[in-house]
1. Which of the numbered conditions does A23 fail, given that it passes all the others? Conditions: (1) within 20 Å of A98 (Cβ to Cβ); (2) surrounded by 11 or more Cβ atoms within 10 Å (Cβ to Cβ).
2. I'm trying to understand the selection: among the residues of region 82-98, which are under 14 Å from D36 (Cα atoms) and part of a loop (DSSP other than H, G, I, E, B)?
3. Taking region 32-54, which residues are at pLDDT 85 or above, in a helix (DSSP H, G or I) and either of a type in the set (F, W, Y) or in contact with a strand residue (DSSP E or B) (Cβ under 8 Å, 6 or more places away or on another chain) (or both)?
4. A99: out of contact with any Lys or Arg (no Cβ under 6 Å at 6 or more places or on another chain), open to solvent by 30 Å² or more (accessible area, probe 1.4 Å) and closer than 13 Å to L28 by Cα, yes or no?
5. Those residues that are over 21 Å from R101 (Cβ atoms) and open to solvent by 30 Å² or more (accessible area, probe 1.4 Å), I need them from region 28-41; list them, please.
6. Quick one: is R70 open to solvent by 40 Å² or more (accessible area, probe 1.4 Å), in a loop (DSSP other than H, G, I, E, B) and touching a residue at least 12 places away in the same chain (Cβ under 8 Å)?
7. Only one of (1) surrounded by fewer than 17 Cβ atoms within 10 Å (Cβ to Cβ); (2) of a type in the set (D, E, K, R); (3) in contact with a strand residue (DSSP E or B) (Cβ under 9 Å, 6 or more places away or on another chain); (4) within 16 Å of I15 (Cα to Cα) is not met by D94, so which one is it?
Amino acid sequence: MGTTLEHPLRDGIRIEAVLQALADPVRLCIVRAIADRGEMACGVLELPVSKSTLPHHWRVLRESGVIHQRPVGTSKINTLRREDLDALFPGLLDGVLAAPRV
């Protein structure tokens with residue numbers, strides 16, 4: 001049973017969707033963790049939300065174009081789409097990641 005995950009093409013990534021995805025504290029925490037650690041599976045982070053809401057956060061990040069997910073076995077491996085985001089919105093990701101952590 002193969003799972004196909006939809007990702008926007010580079011030219012389909014919209015600043016509004018990226019900013020909305022990054023505005024949520026849980027999703028920002030996820031993005032920072034991926035930026036710090038490199039690629040990671042969905043289940044490795046301890047986050048202050050219920051397990052039932054985590055798929056929503058990962059989906060928003062994927063559908064907005066912030067991350068790329070690829071299925072590996074029963075997991076999804078996540079990477080930042082840094083090259084795409086830097087090409088479309090130079091400095092945005094660096095600025096977001098450099099912002100003070102609350």
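The values are calculated or read from the model by the stated rules, or taken from the named source; none is laboratory data. This structure is a prediction, so every number in the text was calculated from the model and none was measured. With ideal geometry, Cβ positions are generated from the backbone for all residues, glycine too; neighbour counts draw on all protein chains shown. Please note that ligands, DNA and RNA were not included when accessible areas were found on the heavy atoms of the full protein model with its side chains. Shrake-Rupley method; radii C 1.70, N 1.55, O 1.52, S 1.80 Å.
1. Failing condition for A23: (2).
2. Across region 82-98, there are no qualifying residues.
3. Scanning region 32-54 gives A33, I34, A35, C42.
4. yes
5. Listed by number, the list holds a single entry, E39.
6. No.
7. (3)
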